[in-house]
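Report on the following structure.
Read the figures in this text as sums done on the coordinates, not as results from a lab. Being a predicted model, the structure only gives us computed values, none of them experimental. Using ideal geometry, Cβ is built from the backbone for each residue, glycine included, and neighbour counts are taken over all protein chains shown.
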Amino acid sequence: MYPLSLAERNIEQQTVSIGEMFSSEKTFATTIAGMTDFSALQYIDEIVSSGFPEFRLLSSENRKAAFESYFENILSHGFIQQGIRLRQPQNVLCWLRAFAAATATDVGYTEILDATDGTKLSVKSTIAYRKVLHYLRLLDELEPWIEGEEFLSALKHTPKHYLADPAIAAYLLDLDEQILTGTKDWPGRVERYDDQYGSILSRLFKALVCLCLRGYSSVNNAKLFYVKTHKGEHEVDFIMKRGSKVIACEGRFSPTAVSSDGRHLRWFADRMGKDCCDMMIITAGSVAYRRPDGIAVVPAILLGA
């Protein structure tokens with residue numbers, strides 16, 4: 001079973017629809033409205049609680065035990081069913097931890113392998129492991145959008161790394177609500193940082209957004225991608241594409257969206273013209289609205305299919 005999106009968790013009434021954005025005859029014209037009391041702390045709770053229904057009702061301690069059992073089953077049975085008998089299953093867990101640390105990045109697989117703390121894993125082995133983990137739907141990487149390469153300069157061709165559920169990444173990295181919370185006034189200011197990849201909480205929030213957008217895209221017969229120029233000058237976290245129409249989205253674990261947050265969206269929309277039917281910054285804030293520059297600002301909990 002695929003993890004539940006925020007809309008499927010029946011926490012809040014959704015006021016902004018992806019389907020309406022795709023169906024609008026005019027660009028950046030869908031009405032954006034709605035308010036929520038859903039807090040940053042609640043988003044953290046949703047990240048670690050998991051979208052798997054059987055895990056959601058468990059306490060933090062019991063959920064950790066459930067994930068341990070989940071991985072034991074994958075390593076002892078899942079791989080064997082795919083014709084691979086693991087001599088050292090802990091090596092796969094070590095690789096998965098390095099993969100989880102790279103959540104929402106597009107770093108190369110070589111860099112992920114280098115981050116496994118000296119584990120004696122070969123490139124050939126990790127390729128085989130990845131195939132199994134994809135088949136088991138544990139890895140859920142986001143493919144690059146390259147259809148517009150003829151007019152968007154050179155684009156990245158490597159996937160962005162996501163696990164099926166951000167709670168899996170949190171478990172693998174031994175992160176819980178207390179570690180991720182940081183400060184009482186606004187989470188994330190004193191939270192765990194990765195010197196190479198940056199804020200883990202911000203990236204886990206993007207993983208939660210990615211999980212939701214996969215579901216909302218599927219309902220609307222759309223596909224989900226990301227866009228990044230080869231040199232990294234411009235990057236759009238999520239691109240939903242249905243037919244010739246696209247919706248460009250950014251994920252921001254922040255209560256507000258400042259003007260600079262939209263520069264990559266505007267860059268993309270300028271190049272796509274009328275094919276870009278909407279652009280949106282998905283936040284952890286409380287109000288959904290449309291900015292004067294046309295960008296919709298939408299709390300993740302208010303967004304639905």
Worksheet item: For the stretch 24-82 and the stretch 95-111, what is the separation of their Cα centres, given in Å?
Response: 19
Worksheet item: Too long at a 20 Å Cα-Cα cut-off: which of Lys131/Lys241; Lys206/Lys228; Lys160/Lys231; Lys64/Lys160; Lys26/Lys241; Lys160/Lys241?
Response: Lys131/Lys241; Lys64/Lys160
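Give, to the nearest whole percent, the P(r) tail of the chain beyond 24 angstrom, counting all Cα pairs.
Pairs farther apart than 24 Å: 52 percent.
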Worksheet item: How big is the antiparallel share of DSSP beta bridges in the stretch 212-305, given as a percent to the nearest 5?
Response: 50
Response to the item:
Amide H proximity to Leu163 below 5 Å, modelled H, separation 5+ or other chain, gives Asp140
Worksheet, complete the sentence: Listing Cys94, Cys277 by rising number of other beta-carbon atoms within 10 angstrom, fewest first, gives Cys94, Cys277
Item to complete: Enumerate the helices in the chain for which the Kyte-Doolittle hydropathy averages 0.0 or more and the C-alpha atoms extend at least 24 Å along the helix's axis, using complete DSSP H runs.
Response: 200-219
Response to the item:
With R₀ set to 35 angstrom, the calculated FRET efficiency between the beta-carbons of Ser199 and His157, to the nearest 0.05, is 0.85
Response to the item:
The answer for the net charge of residues other than Gln82 whose Cβ lies under 15 angstrom from its Cβ, with Lys and Arg +1 and Asp and Glu -1, is +4
Fill in: Residues whose placed amide H lies under 5 Å from that of Ile281, excluding near-sequence neighbours
Glu250, Ala296, Val297, Val298
